[in-house]
Each structure stands twice: as structure tokens, then as C-alpha cells.
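Trainee: Input: one structure, supplied below.
The values are calculated or read from the model by the stated rules, or taken from the named source; none is laboratory data. Keep in mind that what you see is a predicted model, and the values were worked out from it rather than measured. Cβ atoms come from the backbone with ideal geometry, glycine included; neighbour counts cover every protein chain shown. When the accessible area is computed, the model is the full protein with side chains, heavy atoms only, and any ligands, DNA or RNA have been set aside. Shrake-Rupley method; radii C 1.70, N 1.55, O 1.52, S 1.80 Å.
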Amino acid sequence: AWREGFQVGLPTMFGLVACGMVVGIAMVPRGLTVMQASAMTLLVYSGSAQLASLPLIAAGAPVGVIFATAFVVNLRFVIFSALLAPHFSRLPLFQRFYLGYISGDLTTALFLQRYPRAAPERGKLSFLKGLLYPTWAAWQAGTFAGIFLGSAVPTEWQLGFAGTLAILCILVPLIINSAALCGVLVAGVVSVLAHGLPYKLGLLLAVVVGMATAIAVEETRGRRKVRHG
């Protein structure tokens, strides 16, 4: 099961390395020392929160504003935790915290694609670890490479696009019905319209509205099925 998880996550690791390099390259020029940037990538382990915080750090924003911004951007992990919790609720608390730390967007999506139901299944935890450990290592390797070697990478390479492609490769297979498709489309539109909101609140709003739309469409489909037998 561990080997299967590794094989499933392997195609995404190249994009994660590239995306990590982009984050690493961005940190040092924004005023962080190499030591601070290294500590940030190990402690935060969230590219979106790091990139959202960097302009605020460079601008000398209050620490509370920086933490609030990172908090809002990372609220999506509450959703991920709620989705993973039924699968691993019997594990010790420390182990759940530990697995939560090394979980991410791609790994959560891949795990739920493999195990959509929370029923007990042999090898489920090993499969998750096969996803998480190599993915965490790939991200850290890319970020540290960006931190230490970033000045040698031409900006015209546009490495960040590789990370975007990796996320899209995971997103498309998860759009398995009309409810999921509606949720994705609405979330995309809201994220664009609300892009100008402060502290990246547009991202949170898009997530909430997209989820509400998907739930509403799913419930409407369920009621129609009941009416039509």
C-alpha cells in the first residue's frame, strides 16, 4: 500500500519541486535571511501562505496582520481535516497532528480519490504515508534549492506554471459529477471577482461559495431522483 501511494503521488512531485523552487526563490529577495527562509519552509509547509505573507513582510506589516493573512489562506486545511478525519479518527492525537502537518492539497485529493468512503480498509494508513512522505520531501527539496540556488535560475523559465499544472492534473479527475463541476466553476468565478479583497479573503470566499453551490446542486439532484423514483 505504501508503494502504491508513492506511485500515485510520483507524477505530482516534479510540479511540487518546481513550485517549491519558486517559493524559495521569492523568500530571500523579500528580506528574509537564508536561515529564516529555511525555518519558514519547514514550519509553515504551505506555499500559498508563504507567498501571501512575503509581500506583507517586505512592507513591514504588523505581525498580527501577517499571521491573520496566513491563517485565512490556510483555512482550507480545516476542510481537508474534516474530510480525512473519518478515515483516521481512531489514531492517537499526536499521530493525527503529525499526519495533518505533512498533508497538503494534492495528497488529500489523491487519497480521497483512492478512498472516497471512510469504511475501514487494510493498508489505508500506509497508502497515505506513501503519498505524504515523498511529497513532503519533494517540496522541501525544491524550496531549499530555490533558497540556496535561486539567483542562478532565470525568471523567464516561469517554473511556477509547472506547479499549477500539477494541481490541475489532480483537480480534473475529481470533477466526477455535475455538482462538483458547478462548485469548481462558481469558485473560479468568485475567486476572480473577489481577487481585490484584502488579506486574500477572496480565496476563502470562493471556497465557501463553491462548496455551498456543490452541496445545493447535489441536494437538488437527490430530491429529483426521489421524486422520479
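Trainee: Relative to the first principal axis of the alpha-carbon coordinates of the chain, what is the inclination of helix 178-193, with its axis defined by its Cα atoms, in degrees from 0 to 90 and to the nearest 10?
Mentor: The two axes meet at around 30 degrees.
Trainee: Would the range 1-101 count as rounded, prolate or oblate if I go by the C-alpha gyration tensor, calling it rounded below 1.5 in a/c and otherwise prolate when a/b exceeds b/c, oblate otherwise?
Mentor: It is oblate, given that a/c is not under 1.5 and a/b is not larger than b/c.
Trainee: Also, I was wondering about something else. Let me check I've understood the local charge: for Gly123, count other residues with C-beta under 13 angstrom from its C-beta, Lys and Arg +1, Asp and Glu -1. What total comes out?
Mentor: The answer is +3.
Trainee: Which value, in Å to one decimal place, does the Kirkwood hydrodynamic radius take for the range 45-121 when every pair of different Cα atoms is included?
Mentor: Computed over Cα pairs of the range 45-121, the Kirkwood hydrodynamic radius comes out at 14.1 Å.
Trainee: When the solvent-accessible surface of protein heavy atoms is calculated with a 1.4 angstrom probe, in what order do Lys225, Lys129, Lys124 fall, highest first?
Mentor: Lys225, Lys129, Lys124
Trainee: Calculate, in nm to one decimal, what Glu121 and Tyr133 gain on full extension: separation in residues at 0.36 nm each, minus their alpha carbon distance.
Mentor: Roughly 2.3 nm would be gained on extension.
Trainee: Around Ser89, what is the net charge, scoring Lys/Arg as +1 and Asp/Glu as -1 over all other residues with Cβ under 13 Å from its Cβ?
Mentor: Charge balance near Ser89 sits at +3.
Trainee: Could you state the angle between the C-alpha long axis of helix 124-149 and the longest principal axis of the C-alpha atoms of the chain, as a value from 0 to 90 degrees rounded to the nearest 10?
Mentor: In the chain, helix 124-149 runs at an angle near 30 degrees to the longest axis.
Trainee: Over the chain, with every protein chain in place, what whole percent of the accessible area is carbon and sulfur at 1.4 Å, could you tell me?
Mentor: Summing carbon and sulfur atoms, their accessible area is 71 percent of the total for the chain.
Trainee: Given contacts defined as C-alpha pairs under 8 Å and at least six residues apart, what's the relative contact order of the range 1-152, whole-number percent?
Mentor: The value is 53 percent.
Trainee: Same structure again: Nearest 10 degrees, 0 to 90: what angle lies between the long axis of helix 47-58 and the longest principal axis of the chain (Cα atoms)?
Mentor: 40 degrees
Trainee: So if I take the centroid of the Cα atoms in the range 189-222 and the same for the range 26-53, what is the distance between those two points in Å?
Mentor: Each part reduced to its Cα centre gives a spacing of 28 Å.
Trainee: Using a 1.4 Å probe, how large is the accessible area of Thr33, given in Å² and rounded to the nearest 10?
Mentor: The accessible area comes out at roughly 70 Å².
Trainee: Can you compute the radius of gyration and Dmax for the chain, using only the Cα atoms, both in Å?
Mentor: In order Rg, Dmax, the Cα atoms of the chain give 18.9, 65 Å.
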